[in-house]
Every structure is written in C-alpha cells, then in structure tokens.
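Some notes on the structure that comes next.
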C-alpha cells in the first residue's frame, strides 16, 4: 500500500503526476519512534548548492552565468529556490553566494533592478561584464544547462525557517526514511517509478 505525500510534482509528460509515498507500516513505525517531523527545526543542518548556466549577455555578448536556482537539502527533503525567493533576506543570499565565488564563476551582480518587460523591480541576475538585467526568462530558458557552481552548508536559523517553512509546511518528513516515488496517470494507474529521465 502506498500513502502519497500531500503534494505531487508534475512530470514533463503533462498526463502524469509523480508522488512520493511510504507504506503504512513504515509511517506508523516512524511516528511511534519519534521520527516523524513537521516543517524544519532550528539548529538542524542543511546543505545547499548554487546552480548557474553560462550564456552570452543579450546586450554586450560577453560570457556570463546567471544563477538558475539554489537547491537546499534539509533532512530527507530537497527544496528548490530561485534568487527571487531571497527578496526578503538578500543578506542570506550574499552569505550563500559571496563575491569571490561570483567572480570565479562569472556570475553577475544580483540586485534589485527595474524590468520594463514586467513593469516592476525585482531581485535579478545581471551580466558579469556590463551589469544589465538578465531577466527571469533566462533563468527558465537555461535551467537545463545549469551546473552546480558552489556548495556549502548552514544550520537552520530564523532566516532559513522563514524561507523554508512555507515550502515545507504541507509536508511531514520521516527522518532517515527515503520515500518511494510513484507515477499516477490521469486514468488513475499508479506504478513505482523506475529510473525515468522525464523527472
């Protein structure tokens, strides 16, 4: 028996959904052993990695590497963040991505800029050479060509909790238990996932 997680991640194939689940027996064993957790705990260790994609600036043509995402591993959960998720705490983003790392990987200055396309200001990537805004389009367009440029670790504090809890608040997590991922098509068929590249 599979118990699906509260949320499912949509596959690239628009007719399928993916769910992570565990057996009822595993869930009950974990609950009685105190391994069932809701959200994140202050002091809990976390690992993160910054991904960027090398491309040419649309204005000057020089090589630049916009940040396409930050993967945060906390307990058995991975949360994917964009730089825009750090709008309320730019100082935390600067701790994760110090200037020397940006220089080493040709990552342009990340700051709040006005976008004519969106008609508003937001935290954005800039060109490493000329500083011009590299819009959100670039983050989505180049995400498949992203590579990890920097890794690190932190401990959950109030800033991390504010950032992660809205993304984890709907999830119970089992410490030390890896869930099984299942695929459900629109006809309701559920099967265990095999190494499928469409995830």
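The values are calculated or read from the model by the stated rules, or taken from the named source; none is laboratory data. Keep in mind it's a predicted model, so treat the numbers as computed, not measured. Note that each Cβ is placed from the backbone with ideal geometry, even for glycine, and that neighbours are counted across all protein chains shown.
What the table shows:
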{"read-out": "Checklist (1) buried (at least 17 other Cβ atoms within 10 Å of the Cβ); (2) over 27 Å from residue 145 (Cβ atoms); (3) in contact with a helix residue (DSSP H, G or I) (Cβ under 8 Å, 6 or more places away or on another chain) applied to residue 30, failing item", "value": "(3)"}
{"read-out": "Strands (runs of 3 or more DSSP E) fully within the range 64-147 counting 1 or more residues that are modelled with pLDDT under 95 and under 26 Å from residue 168 (Cβ atoms)", "value": "67-74, 77-81, 120-126"}
{"read-out": "Selection status of residue 72, over 13 Å from the mean Cα position of the chain (by Cα), closer than 21 Å to residue 39 by Cα and surrounded by 13 or more Cβ atoms within 10 Å (Cβ to Cβ)", "value": "no"}
{"read-out": "Residue in the range 38-45 that is modelled with pLDDT of 85 or more, closer than 18 Å to residue 165 by Cα and in contact with a helix residue (DSSP H, G or I) (Cβ under 8 Å, 6 or more places away or on another chain) present", "value": "yes"}
